[in-house]
1. Can you put GLU211, GLU147 in order of Cβ neighbours within 10 angstrom, beginning with the fewest?
2. Given H placed on each backbone N at 1.01 Å, which residues far from ARG90 in sequence or on other chains put an amide H within less than 5 Å of it?
3. Would you order ASP196, ASP142 from fewest to most other beta-carbon atoms within 10 Å of each residue's own beta-carbon?
4. Pick out, in residue order, every one of the GluC sites (Glu not before Pro) in region 68-118 that is DSSP loop and has at most 16 other C-beta atoms within 10 Å; say none if there are none.
5. Among the listed pairs LYS79/LYS272; LYS41/LYS156; LYS41/LYS110, which have their C-alpha atoms separated by more than 21 angstrom in this model?
6. Between the DSSP loop rule and a limit of at most 13 other Cβ atoms within 10 Å, which trypsin sites (Lys or Arg not before Pro) in region 173-238 are left?
7. Hey, what do the phi angles of region 180-192 turn into as Karplus ³J(HN,Hα) couplings, whole Hz, using 6.51/-1.76/1.60 and θ = phi - 60°, x for Gly and Pro?
Amino acid sequence: MAKKVERKTTQPDKKQLGSSLRAIFSLTDQEIAENQEEVVKELSHTVAMIPLSQIEVNPFQPRNQFDEEALTELSESIKIHGLIQPITVRRLSANAFQLISGERRLRASKMAGLTEAPAYIRLANDQEMLEMALVENIQREDLNAIEVAFTLQRLKEECSLTDEQLSERMGKKRSTVTNHLRLLKLPPNIQKSLKDRQLTMGHARALAGIEDYAVRDSLFRQTLKEELSVRELERLVASFSEHKPKSKPNNNMPDDFARVQQNLREIFGTPKVQIKLQGDGKGQIVLPFDTVEQFNFYLDQIEK
């Protein structure tokens, strides 16, 4: 068991600060304030299991309506796979936290009967230090692809960065950033296989390009069973794409509407978005989804 940091009037040893979350939680607020940079660095790459009873919902959370059926489906997924993507909380005291993001995941975890959940912990007023720490973390060589994706998503959400700003800070191509973020659209079973290093980034990128849930799941299982290489999987995906019937473009759609439709497809990451015009200024925006995860991703994009 990690040794706790002794409470002294002098500053705590920085080596002890990085030893464990237990050491950090043993610090007083003053000690944390005096060593905030070291504490933020430790917390930025650490996932802690927090009792749900110690987490209070942010009273300023703008989203207060949740689809009960979608929550039920997510809770069933959590029972099987666990909570794959950690929530984010702010430390109020040693045993009290306030939710920053992930209320849907928190609610579904409670429905699934969990008593604790994996969480990233933030301190008050740590924005700039958090960004620097996350950028530093993501440069580590031992991170798997899904951990990189989670960190990029945290930078986007908690530091209010665009994909372009992310690529600049990371010194990577924007396509590299986008490919990692696309991994979070994959279902929990594929994300878990990435996390457990059963799949590589190349495998996941090939699977992420398949919209048909049944085909994607079938190829995923075949990849694990037959231990397919990335090249072999890409050939199977290409074969499926060649035989997939192509949708006919709507040549009668006005240019303005066509541009909006294309923009929506890029925002939601799917070519299935359609604008259906009925005349007299009436119409519909159709956004079909195949999974609960995809539905919730769309909700997140709408909120942004």
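1. Working: GLU211 15, GLU147 18.
The fewest-first ordering by Cβ neighbours comes to GLU211, GLU147.
2. Those lying under 5 Å, H to H, from ARG90 are GLN98, LEU99, ILE100, ARG122.
3. Numbers: ASP196 10, ASP142 5.
Arranged by neighbour count, lowest to highest, ASP196, ASP142 become ASP142, ASP196.
4. Answer in residue order: no site qualifies.
5. Details: LYS79/LYS272 30 Å; LYS41/LYS156 18 Å; LYS41/LYS110 29 Å.
Beyond 21 Å: LYS79/LYS272; LYS41/LYS110.
6. Here the trypsin sites (Lys or Arg not before Pro) that fit, given the DSSP loop and packing criteria, are LYS173, ARG197.
7. Values per residue, Gly and Pro as x: 5, 5, 5, 4, 6, 7, 6, x, x, 5, 6, 4, 5 Hz.
Computed from the coordinates by the stated procedures, all read-outs in this text should not be read as laboratory data. This is a predicted model, so every value here is computed, not measured. Positions of Cβ are generated from backbone atoms using ideal geometry, with glycine treated the same way; all protein chains shown enter the neighbour counts.
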